[in-house]
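What follows is calculated from the coordinates using simple rules that are stated; it is not laboratory data. Source: prediction; values computed, not measured. Cβ: placed from backbone, ideal geometry, glycine included. Neighbour counts: every protein chain shown.
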Amino acid sequence: MFVENNTLYGAKGYFNLKSAAHVGAALVMMAIPAYSADSKPTHSAKAFSFSQSHKWFGTMSYLYVAPVDSSGPISGPGLPPGNGVSVANISTLAFSIGRHVSDHLAVELLLDIPPNFKISGAGTISGIGEIASVRAATPTVFLSYYFNEPSVKFRPYVGLGLVYTKFYDKSSTATLDAALGGPTGVDVDDDFGWAMQFGADYAINDRWFVNGTLGILSIQTTATLSTPSVGTVRHVDVDINPVVAKIGFGYRF
């Protein structure tokens, strides 16, 4: 993976770094007119404020995960130069629980139903197809800043956080076993990384709201492929770095 002209290139394509910045800027600009129009609640409008005992919130969302991935070569003999691996896009469900610590700051824990990532050959071994699968749990903690006042229905936000990635249910395919000379065990190192999100809430009433978020997770790991029958242990470094999009509903309590 490398950066050139503000563009992040990976094995499957590219992700323009300016695009993420433009999304955040657009959300901030959207917040300005929303604040002007709605920040002064009228006597006929009920204010949406954490101070009215709605400090806590929870969300349930559809989550789409698109890795901006790259990898080094699989080490060891018998594989052509220029080989690598690729991680497929996937979707799952996510939920979160959070608490507003002030009118503009909130802490949130995001969890998902761990998806089963499919790993395929890339580069000179792209024709081999799927070679392994692994589940990944990615609990993420965000500290987010909310624009506009709590009384405004539309509230964009930006957040920074930390993500812990736990890999489990790791297995090879028959294709990989045949290519490496026998049944192959797969191990994938867990990882700590940073996370960033841009999103917005729109209040349906003083309890329910619609939520949408675009986020980026930093996930780098090393996979170990062990084939006891031929006495080889191979390693491959993989940067997954997914862009995640989620949309769903939330409830304040």
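Report the paramagnetic label zone for Val210: residues of segment 138-159 whose backbone N is under 13 Å from a point 7 Å from Cα along the Cα-to-Cβ axis.
Answer for segment 138-159: 154-155.
His104 to Arg135: extension gain in nm, 0.36 nm per residue of separation minus the Cα-Cα distance?
Working: separation 31, 0.36 × 31 = 11.16 nm, distance 3.50 nm.
Contour length minus Cα-Cα distance gives 7.7 nm.
Just round it to a whole percent: the fraction of Cα-Cα distances in segment 97-251 exceeding 18 Å.
On the way: 7608 of 11935 pairs.
In whole percent, the long-distance tail amounts to 64.
Multiply the residue gap between Ser226 and Ser75 by 0.36 nm, knock off their C-alpha separation, and tell me the result in nm, one decimal place.
Values: separation 151, 0.36 × 151 = 54.36 nm, distance 1.13 nm.
The span from Ser226 to Ser75 would gain 53.2 nm if fully extended.
Would segment 118-208 count as rounded, prolate or oblate if I go by the C-alpha gyration tensor, calling it rounded below 1.5 in a/c and otherwise prolate when a/b exceeds b/c, oblate otherwise?
Working: a/c = 3.67, a/b = 3.11, b/c = 1.18.
In terms of gyration-tensor shape, prolate.
Along segment 198-213, what does the Karplus equation 6.51 cos²θ - 1.76 cosθ + 1.60 (θ = phi - 60°) give for ³J(HN,Hα), rounded to whole Hz, x for Gly and Pro?
10, x, 7, 10, 10, 6, 7, 8, 6, 10, 8, 8, 9, 10, x, 9
Which of the three applies to segment 81-129, rounded, prolate or oblate, going by the alpha-carbon gyration tensor with a ≥ b ≥ c and a/c under 1.5 meaning rounded? All intermediate terms of the calculation are to be shown ahead of the outcome.
Working: a/c = 6.73, a/b = 3.09, b/c = 2.18.
Note, shape of segment 81-129 comes out prolate.
Would you mind listing how long segment 186-248 runs along its three principal axes, going by Cα atoms, in whole Å with the largest first?
If we take the Cα atoms of segment 186-248, the spans are 64, 18, 15 Å.
What net charge is computed for the residues neighbouring Phe57, neighbours being all others with C-beta under 13 Å from the C-beta of Phe57, Lys and Arg scored +1, Asp and Glu -1? All intermediate terms of the calculation are to be shown ahead of the outcome.
Numbers: positive: Lys55, Arg99, Arg155, Arg207, Arg252; negative: Glu108, Asp201, Asp206.
With Lys, Arg at +1 and Asp, Glu at -1, the neighbours total +2.
Sort segment 45-176 into rounded, prolate or oblate with this rule: let a ≥ b ≥ c be the square roots of the eigenvalues of the Cα gyration tensor; rounded if a/c is under 1.5, and if a/c is not under 1.5, prolate when a/b is larger than b/c, oblate otherwise. Intermediate values should be presented prior to the final figure.
On the way: a/c = 3.62, a/b = 3.12, b/c = 1.16.
It comes out prolate by the Cα gyration axes.
From the backbone phi of segment 63-68, what are the Karplus-calculated ³J(HN,Hα) couplings (6.51 cos²θ - 1.76 cosθ + 1.60, θ = phi - 60°) in whole Hz, Gly and Pro given as x?
Values per residue, Gly and Pro as x: 10, 10, 10, 10, x, 9 Hz.
Could you list which residues have their amide H under 5 Å from that of His235, counting only those 5 or more apart in sequence or on another chain, with H placed in the peptide plane?
Those qualifying (amide H under 5 Å, at least 5 residues apart or on another chain) are Ser75, Leu225.
Please give the length that would be gained between His235 and Ile90 if that part of the chain were fully extended, namely 0.36 nm times their separation in residues minus their C-alpha to C-alpha distance (nm, one decimal). All intermediate terms of the calculation are to be shown ahead of the outcome.
Details: separation 145, 0.36 × 145 = 52.20 nm, distance 2.42 nm.
Value of the extension gain: 49.8 nm.
Could you tell me the calculated FRET efficiency between Tyr62 and Ile97, based on Cβ-Cβ distance and R0 = 22 angstrom, to the nearest 0.05?
Values: r = 18 Å, r/R0 = 0.80.
With R0 = 22 Å, the Cβ-Cβ based efficiency is 0.80.
For Ala137, what is the net charge nearby, where nearby means another residue's Cβ is under 12 Å from its Cβ and Lys, Arg count +1, Asp, Glu -1?
Numbers: positive: Arg135, Lys166; negative: Asp112, Asp169, Asp190, Asp191.
Its environment carries a net charge of -2.
Across segment 103-119, in residue order, what do the Karplus-derived ³J(HN,Hα) couplings come to in whole Hz, using 6.51 cos²θ - 1.76 cosθ + 1.60 with θ = phi - 60° and x for Gly and Pro?
With the stated coefficients, segment 103-119 comes to 4, 10, 10, 9, 10, 9, 9, 10, 10, 9, 6, x, x, 9, 6, 9, 10 Hz.
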